[in-house]
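Peer 1: Quick one: this structure, given as structure tokens, is what I'll be asking you about.
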Amino acid sequence: MCGIVGYVGQKQALEVVVAGLRRLEYRGYDSAGVAVIADGHLETRKKAGKLTNLETLLGEDPLPNSTTGIGHTRWATHGGPTDSNAHPHVSEDGRIAVIHNGIIENFAVLREELTAAGVTLTSETDTEVVAHMLARALPAVGDSLQVAMQAVCSQLEGAFTLVVIDPSQPDIVVGARRNSPLVVGVGDGENFLASDVAAFFEHTRNALELGQDQIVTLTAESVTVTDFSGNPVTPRAFTVDWDASAAEKGGFDLFMLKEISEQPKAVADSLRGRTSPQGRIQLDELTLDESVFRDITKVVVVACGTAAHAGMVAKYAIEHWTRLPVDVELASEFRYRDPVVGPDSLVIAISQSGETMDTLMALRHAAAQGARTLAICNTVGSTIPRESDAVLYTYAGPEIAVASTKAFLTQIIAAYLVGLFLAQARGALTEEEIRGILQDLNDMPQKVDLVLDTVEPVRALAQQLSTATSVLFLGRHVGYPVALEGALKLKELAYMHAEGFPAGELKHGPIALIEDGVPVVVVVPSPRGRAVLHDKIISNIQEVRARGAVIIAVAEEGDEVITGFADHVIRVPEVPPLMQPLVSTVPLQVFACEMATVKGHDVDQPRNLAKSVTVE
Ligand code: G6P
């Protein structure tokens, strides 16, 4: 939520900052703004709306050359998405420009104190108080921006990443972080600060993680990190191994379409190197002792949105393979209901960004109860893996479109690997069984490729159904979380009423929603294996069909029975039942993407959403 970039070096800061903001726009796009230091004073430009509005303004009213600058793209919390609420915010004396991600929870008190002291605040934001507080703190600390930042941060409550510049110290950029993300890019004669590495990885692959309650001071040649009391800290260095082209559209009209098409590779990359030549699961990154995996008595998954759906899919597999109970909790509810977790629990936090505040807080709560924690994450250097006992990275590469696609498939893969690792450690599956499942997983990139090759008719179907006001999604077993994910994609992108239900639950209420012509997407279980599920879903289809629903079945090749019960059939390849989500989700992603496109929506940046939600 909110993207932040800071730069000091030899290049034109504005160019670096705006390019970085473009990469971070997925974090919020209610407004954008920049500030640079030129000839000993601050120059800012800011504009409500997407980054392109700011770029237009910069064209009309250019900024002077400068090698020190900051920029911000906003997801509004305090104060509407207006020009005056856009960041940077500047102190009354015009000295300090500040950008912020997070929520300063005690801002009302601070605001009152400032007002009482005669300061006039010009925005409705919580951020502006920081600019005034810093300006007022500077004289007492010998004008050291770093020390003033320590003093101010110690008075703030809540979540914040702050980045500030001061024209009287034109060659430094100072940042601070508590709870919200901030990483350092270490260049050659230039340094960067950003909400995530996407903002600078085309300039440098060398990065530093910042911990909780730390302050960083950048010059072109140095990076100094301290805690809020000024004690020096040595940050952990890491390397960004993303392919530079991964953050470009690469010939696709939309990032989402590109990311959908990258799923076979993302799945393959997330499986690679995680099996020994003998066919054993080998997760070297799981630095937890194997005894932990043997001794736990329950697994709890905490996650939000799409990541929670991946957790729900994984529950079916992990329980089946390990016979351990698996709870899947929406992270935002977890810590507020006194959950039963302790040293015998493995709490798995699934998060593409590694920064989702609800998930982070759930993870911290679990850790405080003594639980062992494991992150499944796509973003190296992010907070959730850093605060977990162990991490298993997904290798989806950067996911830019707000609606998650390739991250979902790789989260399922990673959670399945954890499930197999648990089964192996506990002797719950034989080596042969594990080898068989691994073979199924290794077949999946090719199966997903097949789906992509045959998905074109889904677009025509979306166009045909684009006037529908409501779409329901039904599934059973692992098809249920897929139904939830299909509905979530449609809500996020097409702004339509869409709901996913377990097909068996339909008759207990949701069936009242069915009327003539309502499209119902049904994720049909395989007729092979547990045919009972197939039979039951056919009955559920009959129930809604009898009431006028238009049935769109997502069914496997060779399921001929379904043709007699569906108005439209979307075919996916035959795969083992637990692998089905990896193929059946893909057409639903395409369906939502096309539906949104037909409606003229911005698919990559849907309204009101942000990809990385760093507030609770
Ligand atoms: C936001 C995004 C969703 C995402 C969820 C969890 O709500 O809009 O697409 O699934 O956050 O994000 P995470 O980064 O933790 O996977």
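Peer 1: In the stretch 452-598, carbon and sulfur make up what percent of the accessible area (probe 1.4 Å)?
Peer 2: Here it works out to 52 percent.
Peer 1: Round to the nearest 10 and report in Å² the accessible area of V532, as given by a 1.4 Å probe over the protein chains' heavy atoms.
Peer 2: Accessible area of V532: about 80 Å².
Peer 1: Let me know the shape class of the stretch 3-240, please: from the alpha-carbon gyration tensor, a ≥ b ≥ c as square roots of the eigenvalues, rounded when a/c is under 1.5, otherwise prolate if a/b is greater than b/c, or oblate. The partial results should precede the final answer.
Peer 2: Values: a/c = 1.37, a/b = 1.08, b/c = 1.27.
Because its axes are fairly even, with a/c under 1.5, the stretch 3-240 counts as rounded.
Peer 1: Next up: Based on DSSP H assignment, which helices of the chain show an axial Cα extent of at least 24 Å together with a mean Kyte-Doolittle hydropathy greater than or equal to -1.0?
Peer 2: Working: long enough: 305-322 (25 Å, 0.08); 406-426 (30 Å, 1.20); 431-453 (34 Å, -0.47); 580-598 (28 Å, 1.02).
Counting only whole DSSP H runs, the qualifying helices are 305-322, 406-426, 431-453, 580-598.
Peer 1: Go through M312, A546, A596 and say which Cα lies farthest out towards the positive end of the charge dipole of the chain; charges sit on Cβ, +1 for Lys and Arg, -1 for Asp and Glu.
Peer 2: A546
Peer 1: With unit charges on the beta carbons (Lys and Arg positive, Asp and Glu negative) and the dipole taken about the Cα centre of the chain, which residue among T454, L51, A390 sits farthest to the positive side?
Peer 2: Result: T454, furthest along the dipole toward the positive end.
Peer 1: OK, next. Just to verify a number: FRET efficiency for D61 and K599, C-beta to C-beta distance, R0 = 35 Å, to 0.05?
Peer 2: It comes out at approximately 0.55.
Peer 1: Could you check the simple spin-label distance between A108 and F252, using points 7 Å along Cα→Cβ, in nm with one decimal?
Peer 2: Result for the modelled spin labels: 4.4 nm.
Peer 1: For the stretch 31-97, rounded, prolate or oblate, judged on the Cα gyration tensor with a ≥ b ≥ c (square roots of eigenvalues), a/c < 1.5 rounded, else prolate if a/b > b/c?
Peer 2: It comes out oblate by the Cα gyration axes.
Peer 1: Now for a different question. In nm, to one decimal, how far is the modelled label at E124 from the one at D289, with both set 7 Å along Cα→Cβ?
Peer 2: About 5.5 nm separates the two model spin labels.
Peer 1: A further question follows. Rounded if a/c is under 1.5, else prolate if a/b is larger than b/c, else oblate: which is the stretch 440-484, with a ≥ b ≥ c the root eigenvalues of its Cα gyration tensor?
Peer 2: In terms of gyration-tensor shape, oblate.
Peer 1: Relative contact order of the stretch 452-598: what whole-number percent is it, with Cα pairs under 8 angstrom and at least 6 residues apart?
Peer 2: On the way: 278 pairs, mean separation 44.6, N = 147.
Relative contact order comes out at 30 percent.
Peer 1: Can you work out the FRET efficiency for the pair E557 and K507, with r the C-beta to C-beta distance and R0 = 35 Å, to the nearest 0.05?
Peer 2: About 0.75, to the nearest 0.05.
Peer 1: Turning to a different aspect of this structure: Report the far tail of the P(r) of the stretch 443-516, meaning the percent of Cα-Cα pairs longer than 15 Å.
Peer 2: Numbers: 1741 of 2701 pairs.
Counting every Cα pair in the stretch 443-516, those more than 15 Å apart make up 64 percent.
Peer 1: Here's another thing I want to ask about it. Rg/Rh for the stretch 248-442 to two decimals, with Rh computed the Kirkwood way over all alpha-carbon pairs.
Peer 2: Rg divided by Rh gives 0.96.
Peer 1: Taking all protein chains together and a probe of 1.4 Å, list K611, K599 from the most accessible to the least accessible. Show your work: numbers first, answer last.
Peer 2: Details: K611 30, K599 75 Å².
Accessible-area ranking of K611, K599, largest first: K599, K611.
Peer 1: Is there a quick way to get the dipole size of the stretch 260-387? I mean about its Cα centre, with the Cβ of Lys and Arg at +1 and of Asp and Glu at -1; what is the value in debye to the nearest 20?
Peer 2: About 200 debye.
Peer 1: Kindly rank 70-81, 321-332, 99-110 from highest to lowest mean number of other beta carbons found within 10 Å of each residue.
Peer 2: 70-81, 99-110, 321-332
Peer 1: Using just the helices of the chain, give the 222 nm mean residue ellipticity in deg cm²/dmol: DSSP H runs with n ≥ 4 each add -39,500 (n - 2.57), and the total is spread over all residues, rounded to 500.
Peer 2: Working: 18 runs with 214 residues, N = 616.
Per the formula, -11000 deg cm²/dmol.
Peer 1: Ranked from highest to lowest mean number of other Cβ atoms within 10 Å per residue, what is the order of the peptides 518-531, 114-127?
Peer 2: By packing density, highest mean first, the sequence is 518-531, 114-127.
Peer 1: Here's something else I'd like to know. With an 8 Å Cα cut-off and a minimum separation of 6 or more residues, compute the relative contact order for the chain in percent.
Peer 2: Numbers: 1454 pairs, mean separation 73.1, N = 616.
Reported relative contact order: 12 percent.
Peer 1: When you count, for each residue, the other Cβ atoms within 10 Å and take the mean per peptide, how do 20-32, 503-515 rank with the highest first?
Peer 2: Top to bottom by mean Cβ count within 10 Å: 20-32, 503-515.
Peer 1: Now for a different question. Normalized C-alpha radius of gyration of the chain, against 2.2 N^0.38 Å?
Peer 2: In units of the globular-protein estimate, the chain measures up at 1.00.
Peer 1: So, R0 is 25 Å and r is the distance between the beta-carbons of Q10 and D243; what FRET efficiency does that work out to, to 0.05?
Peer 2: Details: r = 26 Å, r/R0 = 1.03.
Result of the calculation: an efficiency of 0.45.
Peer 1: Quick one: order H320, H89, H41 from most to least accessible surface, probe 1.4 Å.
Peer 2: Working: H320 120, H89 5, H41 75 Å².
Sorted by accessible area, descending: H320, H41, H89.
The values are calculated or read from the model by the stated rules, or taken from the named source; none is laboratory data. The structure presented is a predicted model; accordingly, all values stated were derived computationally and were not measured. Don't worry about glycine lacking a Cβ; one is built from the backbone with ideal geometry, like all the others, and counts go over all protein chains shown. We work out accessible area using only protein heavy atoms, side chains counted, and drop any ligands, DNA or RNA first. Shrake-Rupley method; radii C 1.70, N 1.55, O 1.52, S 1.80 Å.
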